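Okay, so here's the structure we're looking at.
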Amino acid sequence: MNTIQYLEDQAARAERLAKRITDALTIEKLLTFAGERRREIEVIGGKHRRAQLRRTAR
């Protein structure tokens, strides 16, 4: 499992758990955590795309 897959899995798990519980504070924390993981995916994905573009530009 690579880093992006791991982060996607963590975000999805947090989102699923947030749907099953009723405590508002815990829901907020889980959704915040999921959002942070998804932002990390965006950053890693952006770095990966830039590296690919640099390789193809040579």
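The values are calculated or read from the model by the stated rules, or taken from the named source; none is laboratory data. All of these numbers come straight from a predicted model, not from anything done at the bench. Please note: Cβ atoms are built from the backbone with ideal geometry, for glycine as well, and neighbour counts cover all protein chains shown. Heads up: the accessible areas ignore ligands, DNA and RNA and are worked out on the full protein's heavy atoms, side chains in. Shrake-Rupley method; radii C 1.70, N 1.55, O 1.52, S 1.80 Å.
First measure r as the distance between the Cβ atoms of Lys19 and Ala57, then evaluate 1/(1 + (r/R0)^6) with R0 = 30 Å and state the FRET efficiency to the nearest 0.05. List each step's numbers first, then the result.
Numbers: r = 44 Å, r/R0 = 1.45.
The computed FRET efficiency comes out at 0.10.
Largest first, what is the accessible-area ranking of Thr26, Thr3 with a 1.4 Å probe?
Working: Thr26 55, Thr3 80 Å².
Final ranking, largest accessible area leading: Thr3, Thr26.
For segment 1-44, what number results from the quotient of the Cα radius of gyration and 2.2 N^0.38 Å?
Taking the Cα Rg and dividing by 2.2 N^0.38 Å, one obtains 1.16.
Heavy-atom accessible area of Lys47 with all protein chains present, probe 1.4 Å, nearest 10 Å²?
Using a 1.4 Å probe on the heavy atoms, I get roughly 120 Å².
With each label point set 7 Å from Cα along the Cα-Cβ vector, what nm distance links Leu31 and Gln5?
Placing both labels 7 Å beyond Cα along the Cβ direction yields 3.0 nm.
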